[in-house]
Structures are given as structure tokens and as C-alpha cells.
Ligand SMILES: NC(=O)c1ccc[n+]([C@@H]2O[C@H](COP(=O)([O-])OP(=O)(O)OC[C@H]3O[C@@H](n4cnc5c(N)ncnc54)[C@H](OP(=O)(O)O)[C@@H]3O)[C@@H](O)[C@H]2O)c1
């Protein structure tokens with residue numbers, strides 16, 4: 001491989017934003033770590049952009065506590081957050097088939113591989129969620145293409161949504177919701193999307209058949225009923241949504257619920273042999289990165305980008321994402337940074 005990791009026989013270093021203890025965005029700090037060396041089955045990527053998403057926020061604070069079974073019980077196992085990113089391949093392991101130096105890729109790397117997107121370089125196994133960036137997609141959109149969309153894909157599949165279904169999405173403005181809206185419209189289902197007044201036009205432009213402004217109307221009081229209610233921001237409960245679900249309909253939420261009831265309701269639902277409540281657990285599949293690349297190439301799916309921050313401003317990006325009011329995705333631009 002063209003080795004960026006070693007200069008004159010010594011490991012080269014890269015700038016990262018790291019955290020060594022759980023806490024607020026104030027615990028994030030600039031560090032210089034050795035550029036990782038790719039294993040045989042990995043590529044080395046010079047990162048151009050990453051995101052700060054709700055998964056990063058959970059890992060930063062170590063909350064809810066269940067997160068710590070993955071992130072480290074008392075302190076973070078992996079110091080660099082950023083689970084999705086785009087960049088240029090600058091090194092290829094001996095068995096990393098299918099990728100070449102100079103190619104632009106986008107990827108999602110989960111906690112098993114220690115995230116690592118808030119850095120100038122990272123390594124990525126080629127069997128993971130990685131694909132080449134289509135020519136029609138910008139760096140910022142490619143960087144934010146996978147986290148929200150891979151959750152959306154798994155919820156869509158779990159519910160078995162088809163072109164015959166009518167779906168309500170609450171929180172269609174989030175990373176998961178905005179991806180779900182586009183992917184469900186691509187299937188051909190009818191979508192009613194819920195958002196705030198100021199985002200009605202954005203959501204309509206993403207393809208919603210009908211938009212409910214939650215500042216004026218409570219979607220749980222609609223007279224219309226749906227085959228699927230997907231709460232992509234976890235603000236409702238299954239009980240509140242029963243009246244807008246058709247008989248045999250399905251409720252799904254991206255949050256555990258105020259009493260952590262959503263996974264339990266899904267288990268009860270499964271034991272009863274119906275699909276009234278689902279709580280799907282996503283998988284990180286290479287073929288889904290390829291599928292989402294194809295959807296971006298065809299124009300069926302384009303990630304919604306809100307604010308763009310520089311690597312040094314990652315803490316501010318976290319503060320914004322933690323408000324729970326971002327519009328789609330928040331991107332970190334990673335190029336030549338001062339200092
Ligand atoms: N299950 C998991 O493993 C998992 C993983 C990642 C994320 N999550 C959860 O999934 C949820 C969505 O995450 P995300 O990154 O897609 O987006 P997000 O940052 O949580 O959502 C932002 C959007 O939510 C909308 N919103 C806020 N309050 C609302 C309300 N009361 N009703 C309807 N919409 C509201 C806002 O749009 P408006 O201004 O238009 O309201 C905002 O644009 C989060 O709760 C997150 O914790 C779960």
C-alpha cells in the first residue's frame with residue numbers, strides 16, 4: 001500500500017477530537033494520535049467530512065446507561081467519535097479487494113470498530129458499510145448518508161412497508177425521519193409527515209403526500225388512520241397512537257419510551273403473533289451501503305444537511321445536536337485545520 005502511516009520510519013500523526021471520560025461536549029479535546037495502519041482487509045481513508053448524530057451524543061455522555069455495555073462501562077473504550085464519514089482512500093490492505101487508492105468512499109463504522117470519524121484519517125474494513133460516492137453527491141451529503149438511513153431501512157423492512165400502505169412519520173425532519181420519508185416514498189407508499197411549522201415546505205419537497213404541523217395539530221387526534229405509525233423522534237407512545245392505527249396496524253418508535261416500554265411491547269406483540277408494536281434492531285450491512293449509494297445515484301434519496309462545522313468546532317456541533325432540533329444531519333468538515 002501507499003503508506004501514509006509512516007514518515008521516515010516513524011508513525012505519522014493525525015489530528016482528532018477525542019474524549020477520555022463521559023460528559024458534556026466540554027470533555028472533547030484536540031489530540032494528535034498515530035495514523036492507523038490498515039489491516040489486510042481494511043482501507044485507510046483520509047477523511048473529508050463526518051457527522052455528529054444522536055448515536056455520537058449517547059456515546060459522549062454514556063447515556064442511557066445501556067450504551068455503556070457497548071461504549072465502555074466506566075470510561076470510553078474508543079476515544080474518537082464519528083460513526084459515519086466520507087473521504088479518499090489513501091491506503092489499501094493486501095486483501096481489501098474492490099477499492100483503490102484515490103477513490104472517494106462513504107462509510108458507517110459502529111462501536112465494534114471504535115467509530116473514528118472525528119479525525120483526519122481512519123481505517124475501515126471493506127466488508128463493512130462502505131461504498132463509493134456517486135458523482136452526483138457532495139461530500140457533506142455522502143458523509144451523512146448512512147446513520148439515519150440504516151435505521152430507517154431496518155424499520156421499513158421490519159414493518160414490511162409496501163406501495164399499498166399508508167404511513168405516518170412523526171419527526172420527518174430528523175436524520176432517521178427524513179431518510180425514512182424518502183425511502184418510503186420510493187417504495188410507493190402514501191406518507192403523512194409530522195413536523196414544525198418552519199419545516200413544512202422542506203418536508204413537502206422531500207415528497208410527503210400530506211404534512212401535519214404539530215404546532216397547530218396533534219397527529220394522534222387525526223380522524224385518518226394508518227397502516228404504520230413510525231415515530232422517528234420517539235415523542236409519542238404506542239397507546240397514544242392506537243386511535244390513528246388501522247386494525248392490524250403497526251407502531252414503531254426510535255426511542256425506548258418513557259418507561260422503556262417499547263422493546264417490551266414489541267416482545268409481547270411477537271409472543272401474541274401480531275405486529276402491533278415493533279422495536280427493530282439494525283444491522284450494519286455492506287449491501288445496504290451499496291443500496292443507499294444506488295438510491296442517491298438515482299435521486300431517490302438525498303440526505304438532508306443542516307449546519308456544517310469544522311473539526312475544531314465539534315463541541316459546538318454536539319451542543320446543537322443535543323438540542324434535539326437539528327434538521328436532518330449535522331456535518332463536520334475535515335480538511336486542513338489550523339493548529
Ligand atoms: N434506536 C436507536 O438505536 C437510535 C439511534 C439513533 C438515534 N435514535 C433516536 O432517534 C431519534 C431521532 O434521531 P435523529 O437523529 O433522526 O433526529 P433528531 O435530532 O432527534 O430529530 C431532530 C428533529 O426532530 C424534530 N422534533 C423535535 N421535537 C419534535 C416533536 N415534539 N414532534 C415531532 N418532531 C419533533 C425536529 O424537527 P421540527 O423542528 O420540525 O420539529 C428536529 O428537526 C432520537 O430520539 C434519537 O435518540 C435512536
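Please treat every number below as a calculation from the coordinates, not as lab data. Here the structure is a predicted model, which means the values were calculated and not measured. Reconstructed Cβ throughout: ideal geometry from the backbone, glycine too, with neighbour counts over all protein chains shown.
Observations on the model:
- Residue order, fewest to most surrounding Cβ atoms within 10 angstrom, among 228, 80, 268: 268, 80, 228
- Based on every Cα atom in the stretch 49-94, Rg and the maximum pairwise Cα distance Dmax equal 13.4, 40 Å.
- Structure remark: mean-square fluctuation, Gaussian network model of the chain, C-alpha springs under 10 Å; the largest value among 64, 282, 134 belongs to 64.
- Estimated translational D of the stretch 148-278 in µm²/s (Stokes, Kirkwood radius over Cα pairs; 20 °C; 1.002 mPa s): 149
- The Kirkwood radius of the stretch 202-324, taken over pairs of alpha-carbon atoms, gives through the Stokes-Einstein law at 10 °C and 1.306 mPa s a diffusion coefficient of 91 µm² s⁻¹.
- The stretch 60-145: radius of gyration and largest Cα-Cα distance (Dmax), Å: 14.3, 43
- The mean sequence distance of close C-alpha pairs (under 8 Å, at least 6 residues apart), as a share of the length of the stretch 148-278, puts its relative contact order at 21 percent.
- Least to most buried among 229, 105, 27 (fewest other Cβ within 10 Å first): 27, 105, 229
- The stretch 116-207: radius of gyration and largest Cα-Cα distance (Dmax), Å: 15.1, 46
- For the pair residue 63 and residue 88 in one chain, pulling the backbone fully straight at 0.36 nm per residue adds 5.7 nm over the alpha carbon distance.
- Potential extension, residue 325-residue 271 segment - 0.36 nm per residue separation minus Cα distance: 15.8 nm
- To the nearest ten degrees, helix 286-298 and the longest principal axis of the Cα atoms of the chain are 80 degrees apart.
- Sequence of 106, 318 once ranked by neighbouring C-beta atoms within 10 Å, starting from the fewest: 318, 106
- Summary of packing: across the peptides 176-187, 89-100, 301-312, the per-residue average of other C-beta atoms within 10 Å ranks them, highest first, as 176-187, 301-312, 89-100.
- Helix 175-187 vs. the chain, principal-axis angle (Cα, 0 to 90°, nearest 10): 70
- Taking every alpha-carbon pair in the stretch 1-147 and binning the separations at 5 Å intervals from zero gives 2, 11, 20, 22, 19, 14, 8, 4, 0 percent.
- Mean sequence separation of contacting Cα pairs (under 8 Å, at least six apart), scaled by the length of the chain, corresponds to a relative contact order of 19 percent.
- Measuring between their Cα centroids, the stretch 124-164 and the stretch 46-120 lie 15 Å from each other.
- Tail fraction, Cα-Cα pairs, the chain, threshold 37 Å, whole percent: 18
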